[in-house]
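See structure below.
Quick note: the coordinates plus some simple rules give every number you see, no bench work behind them. Since the model is a prediction, treat every value here as computed from it, not as a measurement. All Cβ positions, even for glycine, are placed from backbone atoms using ideal geometry, and neighbour counts span all protein chains on display.
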Amino acid sequence: MSKLPWLTIIGIGEDGVEGLSASSQAALTAAEIIMGPPRHLSMVTDGSARRITWPVPFSAGLPILQDLRGQRVVVLASGDPFWFGAGSVIARAFDAQEWLALPGPSCFSLAAARMGWPLEQTACLGLHAAPMARLKRHLAPGTRMIATLRDGDAVAELLEYLAAQGFEDSLVTIWERLGGPLERRVQGRANALEGDFAHPVCAAVEVSGIGTVLSVATGLPDNTFDSDGQMTKRPARAITLSSLGPLPGQHLWDIGGGSGSISLEWLLAHPTTRASAIEPRPDRADRIIRNAEVLGVEDRIKVIEGIAPDCLQGLAAPDAIFVGGGMSGALMEAVTAIAGIRVVANAVTLEGEMLLSQWHDRLGGDLLRIALSSPVPLGSKRGWGAAYPVVQWSIVT
């Protein structure tokens, strides 16, 4: 044990110390201090190690842990600490040489094993500290999901959310205390399942119903977003997202956010993307936040009330910038001065078109005119009614 780092993160299940690996049990035996939530500490009944209860909020425990350097410390966490658990938060606070993780089976692995589901084809979500709207992206008939829940009361919230989204026929299996002697399984349709449930709890959901499903393609229907009409419409939005080319982990500046449709589709493209939406009108800024909450991506977007480029200082560096409003020479100077990013700008006014044409002449890139028409009444028959054309300039700076 002398060669081990001073800090060991052990994943403990509902079967307690008896279910731990030999390595985890050895680390516990050698520990001078054991730190964890009360429920986990109660599972360790032997030994003389000092016990420290991890405080709430979780972040308050990190300074305590840092002060324990030089002593042999074990931190207890649920199951696999690096799957929606405490492990990654602790790991970020310490050098890699300082800690060792000994994970146990996660509730996702246990639930999938009980259900007979292939885990690689099952959506795994951590809802113990997140809103139910995080389910939105995964709600489609036939989808299987396993989600951790905050506590027993959150089961009712889950069932109500599924029903409100039109998926009340979903088959829901609630698992209590998975992997331990008190394990319990309760199954039923979302509109009929009842009972009292105890923490720790997770839910396995087979989605069924006629609710609205979000397409995995770009260009979601316009009514996906609450709007006052100021938004990039579906066909132009699909082309714009294609030009922006969201990639995992990348950050978008959406200048002239409107309803937030560009930012929100950017966020829906991958669970690691981030966005900053700049919108001068307070009512529209509030609307972007509400749309983000409905789609379950509110944790990855920052909405700034202001006028660009004045309000861009201090924002996290972008990987791509969309200019959909507030276009000016000063703004274009500011966004094109950032090296190595993708810039996409859309214009519908003659003045905006002229500005984009000038920047195309100056820097190159791609200039595209998007002209769309839809059928409209023409006397007793129909004809094509043209929408305002959109001129798009895109470039990698």
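A few points about this structure:
- Nitroxide proxy distance, nm - points 7 Å out along Cα→Cβ at D366 and D299: 3.4 nm
- Separation of the I64 and L119 label points, Cα + 7 Å toward Cβ, nm: 3.0 nm
- You can think of it this way: the chain between T272 and A96 has 61.1 nm of extra reach, that is 0.36 nm per residue less the Cα-Cα gap.
- Separation of alpha-carbon centers, the stretch 1-57 and the stretch 240-287, rounded to whole Å: 43 Å
- C-alpha long axis of helix 282-295 to longest principal axis of the chain, angle in °: 50 degrees
- Modelled FRET efficiency - R0 56 Å, V89 with A386, Cβ distances, 0.05 increments: 0.55
- Max mean-square fluctuation residue, GNM over the chain, Cα-Cα springs under 10 Å, options P271, P375, P141: P375
- Were the residues from S373 through V348 laid out at 0.36 nm apart, the gain over their Cα-Cα distance would be 7.5 nm.
- Euclidean distance between Cα centres, the stretch 136-171 to the stretch 77-102, Å: 29 Å
- Extended-chain gain in nm, criterion 0.36 nm per residue less alpha-carbon gap, E18 and V56: 10.9 nm
- DSSP-defined beta bridges in the chain - what % are antiparallel, rounded to 5: 45 percent
- Descending semi-axes in whole angstrom, ellipsoid equivalent of the stretch 274-387, from the Cα gyration tensor: 29, 23, 13
- When restricted to Cα atoms, the chain yields an Rg and a Dmax of 25.9, 91 Å, respectively.
- Computed over the alpha-carbon pairs of the stretch 86-179, the distance histogram in 10 Å steps reads 13, 41, 30, 12, 3 percent, short to long.
- Computed over the stretch 205-246, the range of Cα coordinates on each principal axis works out to 35, 26, 13 Å, biggest value leading.
- Placing R0 at 35 angstrom, the Cβ-Cβ distance between T45 and A156 gives a FRET efficiency of 0.55 after rounding to 0.05.
- Calculated FRET value between T212 and R290, using beta carbons and R₀ = 22 Å, to 0.05: 0.85
- Legend: P(r) of the stretch 7-105 from all alpha carbon pair distances, 5 Å bins from 0, whole percents, reading 3, 14, 28, 29, 19, 7, 0.
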